[in-house]
Amino acid sequence: MLVAFHKPYGVLSQFTPDHPGQRTLAEFQFPKDLFPIGRLDQDSEGLLLLGNEPRLVARLLDPRHGHPRTYHVQVEGQPDDEMLRKLAAGGIDLKGHRTLPCQARLLDEPGYPPRTPPVRFRKSVPDRWIELVLTEGKNRQVRRMTAAVGFPTLRLIRAAIGDLRLESLAHGTWRELTDEDRQQLG
């Protein structure tokens, strides 16, 4: 079985808490024996897959397959073409790991509902949404990349894995993937 889940902000990508009071996947009543395929940190939102099919899980997690993951990122500041070129070119040093090339572009306001708690807002510092499409997934990579080029991440939403898009899932809901959905994973 393979399911797509719209992980809310503040939820760990695991079933047991690290500390009392933490929100986990256990509260969303998934079928038994599913586990997360990949991770989204507690401060991130968006598409998370859960499954129990070892071959599929191995293929989705193996870096050699490099399936694309699309992130919508609200950053502090007004990124320009130079910042996007730096991100897209790869080679950003993240403490011993150099990022691979990716796709980076400015986004119009994507229309996501406000987050609870709200994103930090400063009147004197504008913010902007960008889209990054990565084929690798190191720990907190998107946040570390945007910070490295001078634009800290305020909000991070995984919008797609392969061609499977988040848009049809409401916050905190999940659904089993169809055969057509599975083909979109690449």
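Laboratory data are not the source of any read-out in this text; all were calculated from the coordinates shown. Keep in mind that what you see is a predicted model, and the values were worked out from it rather than measured. Don't worry about glycine lacking a Cβ; one is built from the backbone with ideal geometry, like all the others, and counts go over all protein chains shown.
Quick notes on this structure:
- Cut-off 20 Å, label 7 Å out along Cα→Cβ of residue 98, residues of the range 65-85 by amide N: 66, 83-85
- Percentage relative contact order, the range 68-161, counting C-alpha pairs under 8 Å, at least six apart: 51 percent
- Globularity index of the range 38-107 is 1.34 (Cα radius of gyration / 2.2 N^0.38 Å, N = number of residues).
- Distance in nm between pseudo-label sites at residue 116 and residue 27 (7 Å out along the Cβ direction from Cα): 1.0 nm
- The range 15-21 - phi-based ³J(HN,Hα) in whole Hz, Karplus 6.51/-1.76/1.60, Gly and Pro as x: 8, 10, x, 7, 9, x, x
- Kirkwood estimate for the chain, i.e. one over the average of 1/r between Cα atoms, Å: 17.2 Å
- Backbone N under 16 Å from the residue 88 label point (7 Å along Cα→Cβ), restricted to the range 110-138: 130-135
- Label-to-label distance for residue 139 and residue 175 is 3.5 nm, based on points extended 7 Å past Cα in the beta-carbon direction.
- Mean separation of Cα contacts under 8 Å (6+ apart) over length of the chain, as relative contact order %: 30 percent
- Sorted by Cβ density within 10 Å, fewest first, the residues 149, 75: 149, 75
- Cβ-Cβ distance of residue 147 and residue 183, R₀ of 30 Å, FRET efficiency by 1/(1 + (r/R0)^6): the value works out to about 0.25.
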